[in-house]
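The values are calculated or read from the model by the stated rules, or taken from the named source; none is laboratory data. Since the model is a prediction, treat every value here as computed from it, not as a measurement. Cβ placement follows ideal geometry from the backbone for every residue including glycine, while neighbour counts extend to all protein chains displayed. Just the protein is used for accessible areas: all its heavy atoms, side chains included, with ligands, DNA and RNA removed. Shrake-Rupley method; radii C 1.70, N 1.55, O 1.52, S 1.80 Å.
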Amino acid sequence: MSVEFNKISVIGLGYVGLPTAAVIANRGIDVLGVDVNSETVETINRGDIHIVEPDLDILVRSAVSSGKLNAAIAPKPADAFIIAVPTPFKVDHKPDLTFLEQATKALAPVLAKGNLVVLESTSPVGTTVQIAEWLAKARPDLSFPASEESNPDINIAHSPERVLPGRVLIELVDNDRVIGGLSDMCSQRARDLYSLFVNGSCHLTNARTAELVKLAENAYRDTNIAFANEMSLVCDKLNINVWQMIKLANLHPRVEILKPGPGVGGHCIAVDPWFIVESASEQTSLIQASRRVNDSKPNWVIERALAAAPANSTIACLGLAYKADIDDLRESPALAIVEKLAAQHEGEILVAEPNISDLPASLAAHKNVTLLPFEKAVQNAVTVLLLTDHREFKSTDLTTVLDGKKIIDTRGVWPMRS
Ligand code: SAJ
């Protein structure tokens, strides 16, 4: 183990920061996790977790009970700081760096000569330099790589998180990392940091390239999903089974069409392409068109559901999470669809979401919405709208229960009934 990094601080204890903090702490390194939410901090210090991610509970419990992982609401001195706070967008799709600015300014007072700061949050091109500028302004007594200094007091790099929710603990360790420092020394020091817990290779580049690599990955996926979603509209119009069509097209050795769905959700793929658009709007017609296709899919699903369900009848909505086998409702098209249905359909809406125990406030406010185990929801409904392909929905044999019901399967879980 490198003697350089005896204490590491992870700022932002969400879906990326908490697993990262727990993995590092389980390598025997002292980790202070920092989050502005005091409930989150208390939960973690009890050895519990506030998110659903396979095996994360075990890892956090072990890291906290060994004393290697502690959480606090404010930063304290450390050798390296990993920033993993949300970088959402505003209503006009422009990047909102408020959390990042607050986190950076909170960390500035505890910085000391020799520290390394790594930005992991997905960020628009130029953000790593922006962090250096914020820090330099707050700490004129220290030198930063954005200045001419070849060996500054503080090293700064960007290494975007690339982990897939649902597989975070595996991908955090096994995925390759892209590391872009504000100087070669910054990149090398960040590589030393990640070498402490990453088995994948570390690829060094500059900060701007690393920033765009991450954005390009997610925009690439968004564009590919948009193609699949567009095909689902084409198939609907031409009365062709989209699942069968894609399965057959994918037999071609150079074709791999992704899966259509109710829209693209989560806090990454539906957001990050806009960061490229913001930097290069005239050059991004394909990226912008893909966003429009994916963003319009929920309304298309709502129209089909309303047309299929008789007035005052009961609709079962299966799934609220933005994708399978997680509890994350952020930017979830499934949730948005059920919210709109609840407002527009006069009958009962029976919601099944195995990964949550209470309805979110936006649905609990509607009298016609109830959360039920999914078999019950399906049994009592006339129309079944499948929105998320959770394993529970896929693994249960509903053959006879579904007979006679109107089915709208947005994920292809029952491909021959769609
Ligand atoms: N989706 C489809 N059809 C598909 C695949 C996905 O409709 O064939 C939908 C999902 O249902 C979901 C959305 O797209 O609503 C996004 O899901 P996802 O599994 O594609 O990706 P995320 O948002 O969970 O995670 C992505 C990953 N990026 C890429 O695969 C390029 C992950 O590696 C990133 O770390 C993460 O974004 C992030 O944090 O940026």
| query | About the Cα centre of region 155-239, what is the dipole size in debye to 20, counting +1 per Lys and Arg Cβ and -1 per Asp and Glu Cβ, all else neutral? | reply | 120 debye
| Spin-label point model (7 Å from Cα, Cβ direction): what's the Ala289 to Arg61 distance in nm? | 5.2 nm
| note | Of the listed links Lys90/Lys297; Lys94/Lys247; Lys90/Lys406; Lys247/Lys405; Lys214/Lys406; Lys214/Lys237, those spanning more than 30 angstrom between alpha carbons are Lys94/Lys247; Lys90/Lys406; Lys214/Lys406; Lys214/Lys237
| Most mobile of Val91, Val277, Val264 in a GNM of the chain (Cα contacts under 10 Å) | Val91
| field | Proximal lysines to Lys394, defined as alpha-carbon separation beneath 16 angstrom and excluding residues fewer than eight positions away on the same chain | value | Lys259, Lys323, Lys376
| query | Solvent-accessible area per residue for region 271-418 at a 1.4 Å probe radius, Å²? | reply | 45 Å²
| At a Förster radius of 41 Å, what calculated FRET efficiency corresponds to the Cβ-Cβ distance of Asn241 and Glu278, to the nearest 0.05? | 0.60
| request: Looking at the chain, send over the antiparallel percent of its DSSP beta bridges, to the nearest 5. | output: 5 percent
| remark: Expressed as a percent, the accessible surface of region 201-347 that is carbon or sulfur, using a 1.4 Å probe and the full set of protein chains, is 53 percent
| Per residue, how much accessible area does region 56-179 show when a 1.4 Å probe rolls over the protein heavy atoms, in square angstrom? | 42 Å²
| query | Which value, to two decimals, describes the C-alpha radius of gyration of the chain once divided by 2.2 N^0.38 Å? | reply | 1.07
| Most fluctuating residue of Pro373, Pro145, Pro160 in a GNM of the chain with Cα springs under 10 Å: which is it? | Pro373
| message | When a/c reaches 1.5 or more, the comparison of a/b and b/c decides; with that in mind, is region 217-339 rounded, prolate or oblate per its Cα gyration tensor? | response | oblate
| Centre separation in Å (Cα based) which lies between region 1-65 and region 182-223 | 22 Å
| field | Options Ala84, Asn70, Ser121, ranked by Cα towards positive dipole end of region 7-209, top entry (Cβ charges) | value | Asn70
| task | Compute the distance in nm between two label points, each set 7 Å from the Cα along the Cα-to-Cβ direction, one at Leu233 and one at Ala138. | result | 4.4 nm
| remark: Helix-only [θ] at 222 nm, the chain, -39500 (n - 2.57) per DSSP H run of 4+, per residue, nearest 500, equals -12000 deg cm²/dmol
| note | Quick calc, region 261-409, dipole around Cα centre from Cβ unit charges on Lys, Arg (+) and Asp, Glu (-), nearest 20 debye, gives 320 debye
| Which FRET efficiency value, to the nearest 0.05, do you get for Gln102 and Leu248 by plugging their Cβ-Cβ distance into 1/(1 + (r/R0)^6) with R0 = 51 Å? | 0.50
| message | Which of the three applies to region 29-125, rounded, prolate or oblate, going by the alpha-carbon gyration tensor with a ≥ b ≥ c and a/c under 1.5 meaning rounded? | response | oblate
| From the residues Thr396, Phe197, Ile8, which one has its Cα farthest along the dipole of the chain in the positive direction, the dipole being from +1 and -1 charges on Cβ of Lys/Arg and Asp/Glu about the Cα centre? | Thr396
| said: Using the crude model of +1 on Lys and Arg Cβ and -1 on Asp and Glu Cβ, and no other charge, please compute the dipole size for the chain relative to its Cα centre, in debye to 20. | reply: 580 debye
| said: Could you work out how much longer the chain between His366 and Asn299 gets when fully extended? Use 0.36 nm per residue separation minus the Cα distance between them, nm to one decimal. | reply: 22.2 nm
| task | With the convex hull built on the Cα atoms of region 157-270, state its orientation-averaged projected area in nm². | result | 8.7 nm²
| said: With a 10 Å cut-off between alpha carbons and a GNM built on the chain, which of Val178, Val401, Val41 moves the most? | reply: Val401
| said: Could you compute the net charge surrounding Leu172? Neighbours are other residues with a C-beta less than 14 Å from the C-beta of Leu172; K and R count +1, D and E count -1. | reply: -3
| Reach of Lys137 by Cα under 17 Å, taken over aspartates and glutamates that are not fewer than 8 positions away in the same chain | Glu101, Glu148, Glu149, Asp153
| Residue among Pro260, Trp243, Trp274 farthest towards the positive dipole end of region 234-279, charges placed on Cβ | Trp243
| note | Low-density loop GluC sites (Glu not before Pro), region 211-267, at most 12 other Cβ within 10 Å, DSSP non-H/G/I/E/B, are Glu256
